[in-house]
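Chemist: Sharing a structure below in structure tokens format, with a few things to ask.
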Amino acid sequence: MARTKSFDPDTVLDKAVEVFWSRGFEAASVEDLVAGTGVNRASLYGTFGDKKDLFLKAIDRYNDHSSIKATAETTAPVRAVLENLFGGLIERSTDGRYAGCLITNTVAEFGSSDPEILARVRSSLAERENALDRLLRRGQEEGDVPVNADIRARARHLLAAIQGIQVISKINPDPRALQKIADEAVESALR
């Protein structure tokens with residue numbers, strides 16, 4: 001008879017995200033994952049596969065909870081949405097809990113050396129860019145973004161600013177400096 005799991009896989013994935021986010025893939029040992037998730041090695045492997053499989057699932061979980069993706073679903077004015085998005089980003093990037101973004105950190109760690117991880121990262125960034133594109137298109141319909149604006153280019157610019165803030169915050173977590181980057185990105189997107 002199969003044993004019933006004594007843990008919630010989604011909760012374990014959330015905890016694995018934290019371990020990988022704070023340590024990176026290579027530096028996160030299986031012992032770190034066991035300690036961070038509270039699940040023994042056999043149960044981790046039995047539920048999620050090997051360390052790389054767990055990492056890929058953690059990337060998916062992280063992406064599922066992206067604040068950028070959630071922005072496209074709101075009906076608030078586009079400027080307010082972007083200001084709130086960047087405000088939350090800066091707060092998280094400077095609170096000392098995590099450095100950067102799991103996706104950005106993964107790019108820095110792997111580059112293009114692992115095709116499967118690269119595909120996952122590209123997919124994640126594409127989803128974020130598409131969410132920003134949808135938000136700006138709504139802004140265009142509501143008159144907040146010029147009709148002749150290149151929406152895709154502006155969405156990419158916003159994504160680059162978001163990713164850049166997360167990289168810069170690792171070496172200079174000054175909220176005022178990061179806010180200036182955010183303010184310029186928002187203004188560029190809306191004018």
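Bear in mind that the values in this text are calculations on the coordinates, not laboratory data. Predicted, not measured: the structure shown is a model, and the values here were computed from it. Glycine gets a Cβ as well: all are built from the backbone with ideal geometry, and neighbour counts include every protein chain shown.
Chemist: Roughly how many nanometres apart are two label points built 7 Å out from the Cα toward the Cβ at residue 70 and residue 26?
Modeler: So the label points at residue 70 and residue 26 sit 3.3 nm apart.
Chemist: For n ≥ 4 DSSP H runs only, could you compute -39500 (n - 2.57) per run for the chain, divide by its residues and tell me the 222 nm figure to the nearest 500?
Modeler: Working: 10 runs with 140 residues, N = 191.
When only DSSP H runs of four or more count, the value is -23500 deg cm²/dmol.
Chemist: Then there's this: Could you bin all the Cα-Cα distances of the range 66-190 into 10 Å bins starting at 0 and give me the percent of pairs in each, rounded to whole numbers?
Modeler: 13, 44, 33, 10, 0
Chemist: Still on this structure, I have one more. Excluding residue 154 itself, calculate the net charge of residues whose Cβ lies under 14 Å from the Cβ of residue 154, where each Lys or Arg counts +1 and each Asp or Glu counts -1.
Modeler: +2
Chemist: Turning to a different aspect of this structure: So for the range 9-61, what are the equivalent ellipsoid semi-axes in whole Å, largest first, each being the square root of 5 times an eigenvalue of the Cα gyration tensor?
Modeler: On the way: eigenvalues 36, 28, 21 Å².
They are 13, 12, 10 Å, listed largest first.
Chemist: Mind putting together the pair-distance distribution for the range 2-132? All Cα pairs, 10 Å bins, whole percent per bin, short to long.
Modeler: Binned Cα distances yield the sequence 11, 39, 33, 14, 3, 0.
Chemist: Among the aspartates and glutamates, which fall within straight-line cross-link reach of residue 52, defined as a Cα-Cα distance under 12 Å, with same-chain neighbours fewer than 8 residues apart omitted?
Modeler: Answer for residue 52, where 12 Å is the Cα cut-off: 26, 114, 116, listed by chain and number.
Chemist: Got the relative contact order for the range 1-80 handy, in percent, Cα pairs under 8 Å and 6 or more residues apart?
Modeler: Numbers: 44 pairs, mean separation 27.0, N = 80.
Computed over the range 1-80, the figure is 34 percent.
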